[in-house]
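Below you'll find the structure, written out as structure tokens, and then a few comments.
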Amino acid sequence: MNVNLIDSRKWARLGAVPTASDFRQMLRDASLRVTSPRIAVLSAVHEHPHADTDSIIGAVRGSLGTVSHQAVYDVLRALTAAGLLRRIEPPGSVARYEARVGDNHHHVVCRSCGAIADVDCAVGHAPCLTASDDHGFTIDEAEVVYRGLCPDCSAATR
């Protein structure tokens with residue numbers, strides 16, 4: 001497994017944000033040039049898991065000042081292709097990005113406020129990858145989205 005994937009999972013599970021030095025190393029390990037926009041995007045996604053593109057652009061502009069939408073889109077695409085970020089699209093939501101990659105986890109989404117949280121596979125090692133009929137595909141990822149009300153929205157409805 002790629003060292004970047006292990007490092008990204010470690011940071012995401014610890015709930016910690018890597019340092020700029022850690023981000024530079026992740027980029028080098030992925031054979032990507034180290035640039036300020038790439039470091040700023042990695043930092044934004046680590047600080048704000050499941051953020052949408054507009055939120056990431058706002059965070060990047062907060063740290064770098066002026067940066068174009070297209071530059072952030074290009075960085076997101078490059079970091080996702082390199083396996084440093086994961087793009088998810090929960091039903092009824094815009095694309096979102098997270099730093100927890102390579103472990104086939106799932107998500108729970110609040111029907112009311114749209115909050116998203118990570119959910120590990122229910123039992124064993126990725127049991128959701130065993131389809132009842134794989135139609136000849138080699139399956140390496142499954143997406144499960146649980147929907148309900150988050151604790152805050154549940155409390156508000158009582």
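Summary of values
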item	result
Among the candidates Pro90, Pro49, residue that is surrounded by fewer than 19 Cβ atoms within 10 Å (Cβ to Cβ) and modelled with pLDDT under 90	Pro90
Residues of segment 47-62 satisfying the condition of being under 17 Å from Ala99 (Cβ atoms) and either of a type in the set (Gly, Ala, Ser) or assigned to a loop (DSSP other than H, G, I, E, B) (or both)	His48, Pro49, His50, Ala51, Ser55, Ala59
Set Arg96, Arg28: member being in contact with a Lys or Arg (Cβ under 8 Å, 6 or more places away or on another chain), modelled with pLDDT of 95 or more and either among the charged types (D, E, K, R) or assigned by TED's automatic domain parsing to the domain that holds Asp140 (or both)	Arg96
Flag if Val60 is under 15 Å from the mean Cα position of the chain (by Cα) and of a type in the set (Val, Ile, Thr)	no
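The values are calculated or read from the model by the stated rules, or taken from the named source; none is laboratory data. No experiment lies behind these values; they were computed from the predicted model shown. Positions of Cβ are generated from backbone atoms using ideal geometry, with glycine treated the same way; all protein chains shown enter the neighbour counts.
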